[in-house]
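One structure below.
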Amino acid sequence: MLLPDIVKIREVAPRDGFQSLKVFLPTKKKLLIINAILDANIREIEATSFVSPSAIPQFKDAPELVAKLPRQSITYAALVPNLRGASDAIKAHIDRLVVVISATEAHNQENVRRSISESIADLDAIFALARAHETPVTGSVSVSFGCPYQGDVPQKDVYNLVNAYISRGATSVMLADTTGMATPNRVEHMVVYFQDKFPDINLILHFHNNRGTAMANLLAAIKVGANSFDTSLGGIGGCPYVPQAAGNLPTEDVVFMLEDMGIKTGINLESIIKAAHLLEKTLGYTLPGQVMKSGPRDPRLAAKIHNLS
Ligand code: COA
Ligand code: ZN
C-alpha cells in the first residue's frame, strides 16, 4: 500500500460545527476556540459562513469575526451560498471562498432555496469578483455520495458541478458526504474517477459520520491518492438541512491515526486534544471525538491530558 508522506487538513468546526448550534456562540468564544485550534498548528480554517442570518443565525457575526481573526500566515475560508455572500466575504477580507451547491435539486432547494441552474447562474459573477480581488475559490459539491431526499446521486450530476467550478477557475474542489452515505468502495471509485478527469485539481474530501463509515472512507481515499481532507474539532458538525445530521471526522482522531501511520499532518496532537476539551467545556456536552477521551498512545501524555480535562 503506497501512502502519502503528507496529508492536508482543513479545520471546519467553526463553520460546519457551529452552524447548527441552537444557541448563539458569542464572537469572543468563537475566537477562543479558533485560537486554541491555531495553537495546534492548523494552517487552514473554515471560519464562518456569509449566509442569510434568517437561515443560519449563528453566523450573523461573520464580518466582525473575520475582522478579529488572528493573522499569522493562516488561510481563513468562508462558506458562501450566492453572489451576495461572496461579495460580503471579500469585503471582509476572507482569504478563500468556499462556494456551495448541492448535486441534487432537492437538497439545493432545502439548503439555498434555489435550483441547481439558478445557483450555477451566479458562478460567473462570483468567480469574476473573486478573480478581481485575487481570492481563490473552492467549489463544494454537497451530497456528492448520496442525498437524504433523493437517495443515490448519479456521478454525472457531481461531474457537472465539478466541471462548472473548474471551468471557471476553481483552485480546488470539495466532494462532501453531507449525509454520511459514503462507503469505502464508493469513495475509491469517486476519487479515482475525478483524479482521472481532472488530474491537476486539488480534490478535498469532506466526510460525515452518520453511519460510522467516515474514518474508513478517509483511509480508502488516501489509499488511492487523496491527500486533502476536512475535519472538525471534537467531531462536531452537520448540515442543518439534513434529517439526523451527524458530525464530521474529529480532527484529533484523524491526526492520531495518520501520524501513527507515518503520515504527517503538521498538527500537534496534544494541542488539538486540548482544543477539543476547551470546545467541549464551551459547548457543555460530550463531543463525539474518541481520541479526546482516550488520549494519545504515550501513557504519560494520556494521563497528563486526562488530568487536564
Ligand atoms: N448573506 C446575508 N444575507 C443574504 C444573503 C447572504 N449570502 N443572501 C441573501 N441574503 C438576504 C437578502 O438580502 C434578503 O434580505 P432582505 O429580506 O432584508 O431583503 C434575504 O436574505 C432573503 O433573500 P433571498 O435571496 O430571497 O434568499 P432566501 O431567503 O431564498 O435564502 C439563502 C437563500 C442562500 C440566502 C439562504 O438559504 C442561506 O443563507 N442559506 C445558507 C445555507 C447554509 O449555510 N447551509 C449549511 C451549509 S451547507
Ligand atoms: Zn459538512
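Annotations
- Dipole orientation for the range 8-308: of the candidates 202, 287, 303, 303 has the Cα lying most toward the positive pole (charges on Cβ; Lys, Arg +1; Asp, Glu -1).
- Geometric extent, Cα atoms of the chain - Rg, Dmax (angstrom): 18.1, 56
- Qualifying chymotrypsin sites (Phe, Trp or Tyr not before Pro) in the range 1-106, where qualification requires a DSSP coil assignment and no more than 16 other C-beta atoms within 10 Å, comprise 24.
- For the range 211-275, a/c is not less than 1.5, where a ≥ b ≥ c are the root eigenvalues of the C-alpha gyration tensor, and a/b does not top b/c. That puts it in the oblate class.
- About its Cα centre, the dipole of the range 65-167 is roughly 400 debye, where the only charges are +1 on Lys and Arg Cβ and -1 on Asp and Glu Cβ.
- Sequence of 306, 93, 208, 277 from largest to smallest accessible area, 1.4 Å probe: 93, 306, 277, 208
- Accessible surface of the range 177-265, 1.4 Å probe, proportion on carbon and sulfur as whole %: 48 percent
- Rolling a 1.4 Å probe over the heavy atoms of the protein chains gives the range 85-148 an accessible area of 37 Å² per residue.
- Positive-end residue of 100, 69, 180, charge dipole of the chain with Cβ unit charges: 69
- Rounded accessible area per residue of the range 223-306, 1.4 Å, Å²: 42 Å²
- Of the residues 163, 217, 83, the one whose Cα sits farthest towards the positive end of the charge dipole of the chain is 83 (charges of +1 on Lys and Arg Cβ, -1 on Asp and Glu Cβ, taken about the Cα centre).
- Here is the list for the range 26-93: trypsin sites (Lys or Arg not before Pro) lying in DSSP coil, each with at most 11 other C-beta atoms within 10 angstrom of its C-beta, are 71.
- Calculated [θ] (222 nm, deg cm²/dmol) that DSSP helices of n ≥ 4 give over the chain, each run adding -39,500 (n - 2.57): -12000 deg cm²/dmol
- Accessible carbon and sulfur surface of the range 1-125 relative to its total accessible area, %, 1.4 Å: 55 percent
- Sorting 5, 122 by solvent-accessible area of protein heavy atoms yields 5, 122, largest first, with a 1.4 Å probe.
- Charging the Cβ of each Asp and Glu at -1 and of each Lys and Arg at +1, and nothing else, the dipole of the chain about its Cα centre rounds to 680 debye.
- Global form of the range 185-309, assessed from the alpha-carbon gyration tensor, a/c cut-off 1.5: oblate
The values are calculated or read from the model by the stated rules, or taken from the named source; none is laboratory data. Nothing here was measured: the structure is a model prediction, and the numbers come from that model. Virtual Cβ from ideal backbone geometry, glycine too; neighbours counted across all protein chains shown. For accessibility, only protein heavy atoms count, side chains too; no ligands or nucleic acids. Shrake-Rupley method; radii C 1.70, N 1.55, O 1.52, S 1.80 Å.
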